[in-house]
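Read the structure below first, then the notes.
The values are calculated or read from the model by the stated rules, or taken from the named source; none is laboratory data. Predicted model, so just to flag it, every value in this text is computed and none were measured. Here the Cβ is made from the backbone with ideal geometry for all residues, glycine too, and neighbour counts use every protein chain on show. Surface areas here come from the heavy atoms of the whole protein model, side chains and all, with no ligands, DNA or RNA. Shrake-Rupley method; radii C 1.70, N 1.55, O 1.52, S 1.80 Å.
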Amino acid sequence: MLTFVSMITYIQSLKGIIWGIIASFFLSSTFLINSLIAESGGHWAWTANLRTFFLIPILALVLLINKKLRPLLQAIASKPMIFIKWGLTGFGILYTSVALASLYAPGWMIAATFQINILAGIFLAPFIYKDHRRKIPRQAVLLSVLILVGVLVMQFEKTASSGTSSGIAISFVLVVIGAIVWPLGNRKLMVVLEEHNLQLNAVQRVLGMSIGSIPLLIVLAIIGYTQSGLPPISQCQASLYSALFSGFLGGAAFYHATQMVHKNPVAIAAIEATQALEIIFTLLGEMILLGTSFPGTYGQIGMLIVFTGLILHFWNVLYQSKKRTEIAVS
């Protein structure tokens with residue numbers, strides 16, 4: 001018979017995974033929209049800037065309606081460097097690197113490479129946490145390495161079709177940078193907020209990081225304006241959609257999922273692994289909107305490996321939750 005606490009832990013893990021899958025659906029819109037903008041000639045600096053620029057008023061309005069805006073502004077006023085530091089890291093560097101990468105590779109491949117964040121999040125744990133969460137879960141590492149192997153296999157896809165590797169190498173490095181700062185900013189902000197006893201929900205944290213990245217947004221706007229002038233209306237519209245679907249719906253859902261299981265490192269790793277579904281969501285979107293062909297042999301093999309690792313990740317978190325439950329009962 002399950003104890004009340006162990007049952008809650010088990011249910012929270014399941015809910016977290018479901019929220020992670022929902023988040024991956026909306027987060028994939030970033031890669032798809034970036035591809036559309038790159039295809040139409042939109043400048044990368046405006047792409048990186050406008051998404052967060054539009055996201056800030058959207059989230060501010062949501063929090064204002066729910067009477068959650070003032071507590072966030074008070075938290076930012078009391079500890080501004082927390083939000084600037086991790087906002088620049090988790091949002092500013094992330095979106096800049098992904099926007100640049102879209103110049104060299106299709107969205108589905110960028111989404112695939114971005115799954116390195118699953119492994120990055122696990123290995124960053126000892127440098128982020130001071131409690132039991134600093135321990136690296138061995139099974140999660142092995143499964144994440146499997147996903148990484150699938151990602152590497154997919155890198156041969158475009159190399160084989162284009163005969164060049166320079167663009168893929170540049171894209172790969174840029175996305176790896178983004179894949180590292182994304183879990184770093186998310187996890188570290190949660191820890192720092194815990195240490196300062198600042199209780200913020202998922203939407204508040206997303207807006208806080210967005211506001212913290214404003215210094216970089218200004219730099220990006222200057223670069224974009226000096227090199228291409230003001231962004232076209234079409235790019236502004238696309239960025240608005242990215243802010244709404246990926247930044248608001250996707251970001252808030254993902255942060256909510258990780259917050260639900262923030263004390264369970266195995267569950268966090270599994271939720272981060274749900275982002276692998278962004279690959280298929282992005283690919284389907286590009287096939288419909290851009291006429292992108294279905295991946296060849298390397299892409300298919302890589303995807304199969306990635307999704308095998310993803311399924312095993314889900315099984316592992318459920319197994320670990322069940323194991324903890326059995327220990328608690330005994």
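Overview of results
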item: Test result for PHE254, of a type in the set (Phe, Trp, Tyr), crowded, with 24+ Cβ neighbours inside 10 Å and either in a helix (DSSP H, G or I) or within 18 Å of the chain's Cα centre (by Cα) (or both); result: yes
item: Residue within region 206-219 that is closer than 23 Å to VAL145 by Cβ and buried (at least 23 other Cβ atoms within 10 Å of the Cβ) present; result: no
item: Enumeration of residues in region 164-205 that are open to solvent by less than 60 Å² (accessible area, probe 1.4 Å), hydrophobic (A, V, I, L, M, F, W, C) and farther than 23 Å from PHE254 by Cα; result: ILE168, ALA169, PHE172
item: Region 26-52 residues that are among the charged types (D, E, K, R), paired with ones that are surrounded by fewer than 23 Cβ atoms within 10 Å (Cβ to Cβ) and not in a helix (DSSP H, G or I) (beta carbon under 8 Å, 6 or more apart); result: GLU39/LEU290
item: Matching option when the condition is part of a helix (DSSP H, G or I) and open to solvent by less than 70 Å² (accessible area, probe 1.4 Å), among ILE37, ILE18; result: ILE37
item: LYS67 on the phi > 0 side of the Ramachandran plot, open to solvent by 50 Å² or more (accessible area, probe 1.4 Å) and over 22 Å from the mean Cα position of the chain (by Cα); result: yes
item: Selection status of PRO71, at pLDDT 90 or above and closer than 25 Å to LEU217 by Cα; result: yes
item: All helices (runs of 4 or more DSSP H) inside region 70-137 with 3 or more residues being touching a Phe, Trp or Tyr at 6+ places or on another chain (Cβ under 6 Å); result: 94-101, 107-113
item: Conditions (1) assigned to a helix (DSSP H, G or I); (2) in contact (Cβ under 8 Å) with a residue 40 or more places away in the chain; number of the one not met by LEU200; result: (1)
item: Those residues of region 53-64 which are open to solvent by 10 Å² or more (accessible area, probe 1.4 Å) and in contact (Cβ under 8 Å) with a residue 40 or more places away in the chain, in sequence order; result: PHE53, PHE54, ILE56, ILE58, ALA60, VAL62
item: Every residue from region 87-112 that is more than 12 Å from the chain's Cα centre (by Cα) and not aliphatic (A, V, I, L, M); result: GLY87, THR89, GLY92, THR96, SER97, SER102, TYR104, PRO106, GLY107, TRP108
item: Hey, LEU290 of a type outside the set (S, T, N, Q), open to solvent by less than 60 Å² (accessible area, probe 1.4 Å) and in contact (Cβ under 8 Å) with a residue 60 or more places away in the chain or not; result: no
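Rundown of residues vs (1) at pLDDT 90 or above; (2) in a helix (DSSP H, G or I); (3) out of contact with any strand residue (DSSP E or B) (no Cβ under 6 Å at 6 or more places or on another chain); (4) of a type in the set (Phe, Trp, Tyr), yes/no style:
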| position | (1), (2), (3), (4) |
| --- | --- |
| LEU2 | no, no, yes, no |
| SER28 | no, yes, yes, no |
| THR52 | yes, yes, yes, no |
| ALA60 | yes, yes, yes, no |
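Rundown of residues vs (1) buried (at least 16 other Cβ atoms within 10 Å of the Cβ); (2) in contact (Cβ under 8 Å) with a residue 12 or more places away in the chain; (3) out of contact with any Pro (no Cβ under 9 Å at 6 or more places or on another chain); (4) among the hydrophobic types (A, V, I, L, M, F, W, C), yes/no style:
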residue	(1), (2), (3), (4)
ALA112	yes, yes, yes, yes
GLY121	yes, yes, no, no
PHE127	no, no, yes, yes
HIS132	no, yes, no, no
ILE136	no, yes, no, yes
ALA140	yes, yes, no, yes
LEU143	yes, yes, yes, yes
